[in-house]
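Here's the structure we're looking at; comments come further down.
The values are calculated or read from the model by the stated rules, or taken from the named source; none is laboratory data. Remember, it's a predicted structure, so these values are computed and weren't measured experimentally. As a convention, Cβ positions derive from the backbone with ideal geometry for all residues, glycine included, and neighbour counts pool all protein chains shown.
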Amino acid sequence: MVDIMDKVQKIAEIGKSSREKQRIINVIEVFYIWDVLVTKLDALESIQIFEHMIEDNDLKIIKNKVKDGLFLGINDMEALMRDYDLPFPIRPPADVSSTVQIEAVNDRDIFLMFYEVIAAFFPILGIGFMQSTTPDVRKGLKNHLLLTIELQEMLVEYGKLKGYLNQPPVYRP
């Protein structure tokens with residue numbers, strides 16, 4: 001049903017200027033598009049700072065999947081911003097390479113940073129989706145909420161495997 005509404009909206013928007021499209025979107029949606037994009041850019045910069053310190057090959061694979069998810073989200077939110085002619089935030093540098101190796105930072109610390117970065121998206125995407133009424137904005141937020149769930153599942157399984165997560169005790173009545 002949502003795909004049908006998305007297509008109806010796309011047909012209705014044919015030939016409309018960005019100014020006319022801005023009348024369709026509400027200020028809350030604009031805020032959440034902006035907030036998701038800024039948060040994804042910040043998360044990407046954080047990952048780029050620490051990615052060169054990863055030693056575990058499995059964590060390198062996880063890092064690549066998380067980065068791919070962030071790039072996908074950045075591209076999708078930027079596309080929405082272009083559609084509605086919204087101003088873009090400042091982007092972080094394309095790469096943050098450092099020659100400094102901090103011994104105090106280990107794979108567990110980097111994993112926990114990934115875990116917290118992904119967890120931070122749930123409230124933003126969930127509330128943004130609930131408060132959005134424009135079909136293409138809802139679809140974009142929904143897609144990234146589902147992607148975030150998949151990334152979180154992957155991180156939880158990896159964290160359990162490596163013993164990086166503080167798991168609650170098993171309940172035995």
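Overview of results
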{"read-out": "Candidate set from region 28-64 (those that are crowded, with 16+ Cβ neighbours inside 10 Å and charged (D, E, K, R)); member that is farthest from TYR158 (Cα to Cα)", "value": "GLU29"}
{"read-out": "Failed criterion for LEU86 (all others in (1) under 30 Å from ILE24 (Cβ atoms); (2) of a type in the set (A, V, I, L, M); (3) free of Cβ contacts under 8 Å to residues at least 40 places away in the same chain; (4) part of a loop (DSSP other than H, G, I, E, B) hold)", "value": "(3)"}
{"read-out": "Hits in region 111-158 - residues which are of a type in the set (Gly, Ala, Ser) and either farther than 30 Å from ASP83 by Cα or surrounded by 18 or more Cβ atoms within 10 Å (Cβ to Cβ) (or both)", "value": "GLY128, SER132, GLY140"}
{"read-out": "Any pair with Cβ under 6 angstrom, 6 or more apart, that starts in region 94-118 at a residue that is closer than 18 Å to LEU59 by Cβ and among the basic types (Lys, Arg) and ends at one that is at pLDDT 70 or above and assigned to a loop (DSSP other than H, G, I, E, B)", "value": "ARG108/TYR164"}
{"read-out": "Residues satisfying the stated conditions in region 12-37, i.e. closer than 15 Å to ASP136 by Cα, at pLDDT below 65 and assigned to a helix (DSSP H, G or I)", "value": "ALA12, SER18, LYS21"}
{"read-out": "Which numbered condition ARG108 fails, given (1) under 15 Å from the mean Cα position of the chain (by Cα); (2) among the charged types (D, E, K, R); (3) surrounded by 13 or more Cβ atoms within 10 Å (Cβ to Cβ)", "value": "(1)"}
{"read-out": "Among residues of region 134-153, those that are modelled with pLDDT under 90 and either part of a helix (DSSP H, G or I) or within 11 Å of the chain's Cα centre (by Cα) (or both), counted", "value": "2"}
